[in-house]
Amino acid sequence: MNDGTAAMDPGLAPEYVPDHDGLVEDHRERFAFATEAAQIGYWFCNLPFGRLIWDKQVKEHFWLPPDADVDIDLFYAQLHPHDRERTRQAIELSIRTRTEYSVEYRTVSPEGRIKWIRAIGRTAYDAAGKPIRFDGVTREVTSLKEAEEARDRAKEALMRSEKLALVGRLATTVAHEINNPLAAVTNLLYLIEQSTTDATALRYAKTAMEEVERVSHIVMNTLRFNRRSDMPSWERVSSIFDSALAIYDGRLYQSGITLQRDYAEADRLFCLPSELRQVFANLIANAIDAMPRNGKLTVRTRPQTHARTGEAGLRISIADTGHGMDRDMLQRLFQPFVSTKGERGTGLGLWVSREILNKHRATIRVRSRQTQGASGTLFSIWIPETMATGTAGSVPADSLAASNGSRA
């Protein structure tokens, strides 16, 4: 197709311009070096739009081979469907108002991969003011866009974290305030039990006392959950588990999830209990979110020496009958901002949990499968008996394994 446009190879000057002392060729080489170093592509086209002249960099931005013939239809076809109309309007506005063309859009490969492209251009007009040419440059900004998205996710996660911290402090305050009148109610019910022989009144008092004890249990676990300590201490892991589970009693009941506790007699660790409680709470919440109604959650502790070092420790397992995860998700599971919950999750829970386990010289492994009728996920944690370093060796938490297809 001959539309009057010179086929320009990678320079800017048409072939009919005389080369005085090699200046044109020199400028071409400098221009080619500058655009290649900056990974900038350049394009030319006569108006009205027909054939488009793109250099190899622009074609690469649009997932096209260097020898591809490009027209305006192919240009729009390579754009993400959601960006086509917006880009068309930006071009028309630039030509009509004699303003700079500046837009960001996505190009899509045949496999569905995405590049973000920044395009800047302008229109040339003849003496009568008629638009005759539309030229410009493109630059890939995918990494910049990903960085901006990561920054936005981090900002959102920080805001959520601050809200959760505020809720935690509020819960502690409310629990503390409830605890005082609760003690008075308990004493009054005790006096009622001691001062009457009426069977009906005694039955009501007993029922009320049981309910008050249940409220007291929730209050004490709320206070314990939000109590932080920077000093390690000897703690029973089963007690830490129970205080984390108590927070989710209501969700477990409403979801019809069966809870199975299987604790070993000897399950004491020298640890930071508030931080381990945070790890267990994360894993329990994830398990509940992953399960439909009437699922099963199993928590188990067993003494176990480390196979390589012989160091004494504890094996902790949290298993659910949820929807499971595929291999790709398992490989990325402990990376920041990776979530199986979409917009509902921050993608920080497991990442933070691994950092806490690393502080305890622990290992964490996960197995999951998505087999119909037998899906589920198992998190298995090994924690040394003491988090102090220098005892029989150090086992970092990031020596984890992730496998798909194993029984959970």
Among the residues of the range 272-305, the number that are part of a loop (DSSP other than H, G, I, E, B) and modelled with pLDDT under 90 is 4
Filter result (surrounded by fewer than 17 Cβ atoms within 10 Å (Cβ to Cβ) and closer than 17 Å to Phe134 by Cβ) within the range 64-83: Asp71, Ile72, Asp73, Leu74, Tyr76
Answer yes or no: is there a residue in the range 117-134 that is touching a strand residue (DSSP E or B) at 6+ places or on another chain (Cβ under 6 Å), surrounded by fewer than 17 Cβ atoms within 10 Å (Cβ to Cβ) and basic (Lys, Arg). yes
When you check Arg139 against the structure, is it under 16 Å from Trp43 (Cβ atoms), at pLDDT below 95 and over 29 Å from the mean Cα position of the chain (by Cα), yes or no? no
Given the conditions (1) of a type outside the set (S, T, N, Q); (2) under 24 Å from Ala150 (Cα atoms); (3) modelled with pLDDT of 95 or more, every one holds for Arg315 apart from (2)
Apart from one, (1) closer than 30 Å to Gln278 by Cα; (2) free of Cβ contacts under 8 Å to residues at least 60 places away in the same chain; (3) among the aliphatic types (A, V, I, L, M) all hold for Ile114; the odd one out is (1)
Taking the range 174-214, which residues are under 27 Å from Ala246 (Cα atoms) and acidic (Asp, Glu)? Glu177, Glu210, Glu211, Glu213
Just one of the numbered conditions (1) in contact with a helix residue (DSSP H, G or I) (Cβ under 9 Å, 6 or more places away or on another chain); (2) assigned to a strand (DSSP E or B) is not true of Gln57; which one? (2)
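The values are calculated or read from the model by the stated rules, or taken from the named source; none is laboratory data. For clarity, every value in this text was computed on a predicted model and none was experimentally measured. Cβ atoms come from the backbone with ideal geometry, glycine included; neighbour counts cover every protein chain shown.
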